[in-house]
Amino acid sequence: MKSTYIPRLAEQLVLDVSKEYPAVLLVGPRQTGKTRMLRHLSEGTGRGYVSLDDLTNRELAKNDPAMFLQLHPGPVLIDEVQYAPELFSQIKIEADARRVPGLFWLTGSQPFRLMNLAGETLAGRAAVLHMETLSHRETAGLPAAPPFVASVEAVRARAATAKPLATPELFKEIWRGSLPGLVSGEFTNRDVFYSSYVQTYVERDVRDIYPGVDPVAFSRLLRAVAARTGQEVNVHEMAKELGVGDTSVRTGLGVLEKSDVIHLLHPYSNNAMKRTVKSPKLYFFDTGLAAFLARWSSPETLEAGAMSGAVFENWVVNEIRRSFLQRGIDPPLWYYRDRDGREIDLVIEHDGALHPVEIKKSASPRREMASSFKMLDAAPQPRGTGAIVCMSGEAGAVSSDVLVLPAWAL
């Protein structure tokens, strides 16, 4: 089945930076639509295309990068560039010689490795952008919204441009996931899609980063991590459950983070707040993959299950995080928890203030849900307006400094 292209909010960002940088490197997990978006933007422009998935192309790019770029001169889109890091030095030479913006569009699915290579070799010559999975607004065809801000004006604007969604409908979206192949209808069997995704991921990306990995052991780790989405990382507890050493778990988590399968939310702390915890919280890049690995068989069982609050939180954190990344902004996000168990799900830094956000699956927000927000008063930065993101039917407020934003309006 031929899929329908879903317009991406990152399109304009790519076009804008292509007017200023010789190279644009688009990184992110597999199947997030990097190549599809760039090929869509290339239509009718005369930009060439070459994929290093092709072994012949890969061999030439590795062994004779100068000849490769003679055969595939800019403007060109080079796909899966992580397979030939030798190209980066030659791209630098070409960029310096020709001094033309937008010569090279590059994609890759090993973000940490590629970002390091670009930083070392193409400093000042490449714009490095991060491609996320589809946001709710992209999926629903809603107008773009600016990066998330907890203000009356921003909350009103988001709610006014969104369509209300009941909790069961939102959990269908959470359970299905946000990878373009599933959302567009190109692939209709979700279980087969994710099973194939995991096999491909272990066989290709993990083996490249972690040679000698045991696929069975790594699959067990994946499932153990999925069961802990939205929780603090506890390496020792996970190692004990899996019957392996702490080092094996740390290595595995590092591989998952480096390949963008999970992302970590670090705790907010400073010298005035010495009782805060030190461990990050982990989230999956795609809630559908997390639900698949944790073996939730339907949206209904997920919504009613023990993980419903954690997966809902994962989805909300992803939406807020995407709102920054789609515009090339490093997300200014943390969480807060102290040793007495008081927690704030998200702390967002904006214009010198800290904005606390509580995430609740409830449809009835209450003022006491924001009781931990006052813990930020000990921070050197002022506490700004906070928000409760929940399943309320409409935007509003529970106090003068705590707004209510329905999750469907993100």
Of 160, 185, 266, farthest towards positive along the dipole that unit charges on Lys, Arg, Asp, Glu beta carbons give the chain: 160
The stretch 329-410, dipole about Cα centre (Lys/Arg Cβ +1, Asp/Glu Cβ -1), debye to the nearest 20: 280 debye
Global form of the stretch 136-409, assessed from the alpha-carbon gyration tensor, a/c cut-off 1.5: oblate
Dipole axis of the chain (+1 Lys, Arg; -1 Asp, Glu on Cβ), positive-most option in 285, 315, 6: 315
Residue-averaged 222 nm ellipticity for the chain, from DSSP H runs of 4+ at -39500 (n - 2.57), nearest 500: -11000 deg cm²/dmol
Charged-residue dipole, Cβ positions (Lys, Arg, Asp, Glu), the stretch 136-409 about Cα centre, Debye nearest 20: 320 debye
Among beta bridges that DSSP assigns inside the chain, antiparallel share in %, nearest 5: 40 percent
C-alpha center-to-center spacing [the stretch 204-254, the stretch 84-143] in angstrom: 29 Å
The chain, relative contact order [Cα under 8 Å, separation at least 6], %: 17 percent
Considering only the stretch 281-410, percent of DSSP beta bridges that pair antiparallel, nearest 5: 55 percent
Residues listed by number, the stretch 127-164, amide nitrogen under 12 Å from residue 12 label point at 7 Å toward C-beta: 143-147
Likely footprinting exposure, 263, 136, fewest C-beta neighbours within 10 Å first: 263, 136
Cα-Cα over 21 Å, subset of 281/360; 34/360; 278/360; 172/281: 34/360; 278/360; 172/281
Rel. contact order, % - alpha carbon contacts under 8 angstrom, at least six apart, the stretch 11-130: 41 percent
Stretchable slack from residue 251 to residue 42, in nm (0.36 nm times residue separation minus alpha-carbon distance): 71.4 nm
Candidate aspartates and glutamates for bridging to residue 92, where Cα separation is under 12 Å - those fewer than 8 sequence places away on the same chain excluded: 120
Among 308-319, 249-260, 227-238, 281-292, the order from most to least packed when residues are scored by Cβ within 10 Å on average: 281-292, 308-319, 249-260, 227-238
Long-range HN-HN contacts of residue 127 with modeled amide H, under 5 Å: 23, 24, 25
Extension gain (nm, one decimal) between residue 98 and residue 295, 0.36 nm per residue minus Cα-Cα: 65.7 nm
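Laboratory data are not the source of any read-out in this text; all were calculated from the coordinates shown. Keep in mind that this is a model prediction, so the values were computed, not measured. Using ideal geometry, Cβ is built from the backbone for each residue, glycine included, and neighbour counts are taken over all protein chains shown.
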